[in-house]
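See below for the structure under consideration.
The values are calculated or read from the model by the stated rules, or taken from the named source; none is laboratory data. Please read all numbers here as calculations on a predicted model, not as lab measurements. Cβ placement follows ideal geometry from the backbone for every residue including glycine, while neighbour counts extend to all protein chains displayed. All accessible areas refer to the heavy atoms of the entire protein, side chains included, with ligands and DNA or RNA removed. Shrake-Rupley method; radii C 1.70, N 1.55, O 1.52, S 1.80 Å.
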Amino acid sequence: MRHGKKVNHLGRKKAHRVAMLANMACSLIEHKRINTTVAKAKALKQFVEPLITKAKAENNQTTEKGTHNRRVVFKNLRDKYAVTELFSNVAEKIADRPGGYTRIIKLGTRLGDNADMAMIELVDFNELYNASKTPAKKTTRRGRAKKSEAPAADASQESTQPESSEE
């Protein structure tokens, strides 16, 4: 029985599972979204969210804490380029988010073996969803815009009138 066992073993031994999750986390940080199975996406979410929390600027106020957090993340990811990307670009985008850094979107089933597929992505890097949440500046210059359009229309009419009067 599996009473009290929270880890999804994903049909792998521990070393293989940890290496796979580390590689998937590096790919997620590098590409900002990856396609995988639903079970692996859920396991990856549990693996990568604490690492992203360690990368936030508020957790790295002093040099000692920043160095310690980088070493802890590097121990899990084992890729210095992914750690650099996580602590620079990703940490800036997620600075004001209290949690929930990833999103899992189910895609359907895989053609070969009918496995449930999903896309896992970093929430702040999706332009489609974030476009509606951060509206552009809206100015209310309706009166001025109409006035500025009117002289342009008059100028175009004046240019057509001399042509008709010459004929």
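Residue-by-condition table, conditions (1) out of contact with any Pro (no Cβ under 8 Å at 6 or more places or on another chain); (2) at pLDDT below 95; (3) part of a helix (DSSP H, G or I):
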{"residue": "ILE120", "(1), (2), (3)": "yes, no, no"}
{"residue": "ASP124", "(1), (2), (3)": "yes, yes, yes"}
{"residue": "LEU128", "(1), (2), (3)": "yes, yes, yes"}
{"residue": "PRO135", "(1), (2), (3)": "yes, yes, no"}
{"residue": "LYS138", "(1), (2), (3)": "yes, yes, no"}
{"residue": "ALA145", "(1), (2), (3)": "yes, yes, yes"}
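Taking the conditions (1) at pLDDT 95 or above; (2) within 25 Å of the chain's Cα centre (by Cα); (3) open to solvent by 60 Å² or more (accessible area, probe 1.4 Å) in turn, ASN114 satisfies each one other than (2).
Conditions (1) surrounded by fewer than 14 Cβ atoms within 10 Å (Cβ to Cβ); (2) of a type in the set (Lys, Arg); (3) over 21 Å from ASP124 (Cβ atoms), marked per residue:
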| site | (1), (2), (3) |
| --- | --- |
| LYS5 | yes, yes, yes |
| HIS16 | yes, no, yes |
| MET20 | no, no, yes |
| LEU28 | no, no, no |
| HIS31 | yes, no, no |
| GLU58 | yes, no, no |
| VAL73 | no, no, no |
| TYR81 | yes, no, no |
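Screening ASP96 against (1) surrounded by 15 or more Cβ atoms within 10 Å (Cβ to Cβ); (2) among the charged types (D, E, K, R); (3) part of a loop (DSSP other than H, G, I, E, B) leaves a single unmet condition, (1).
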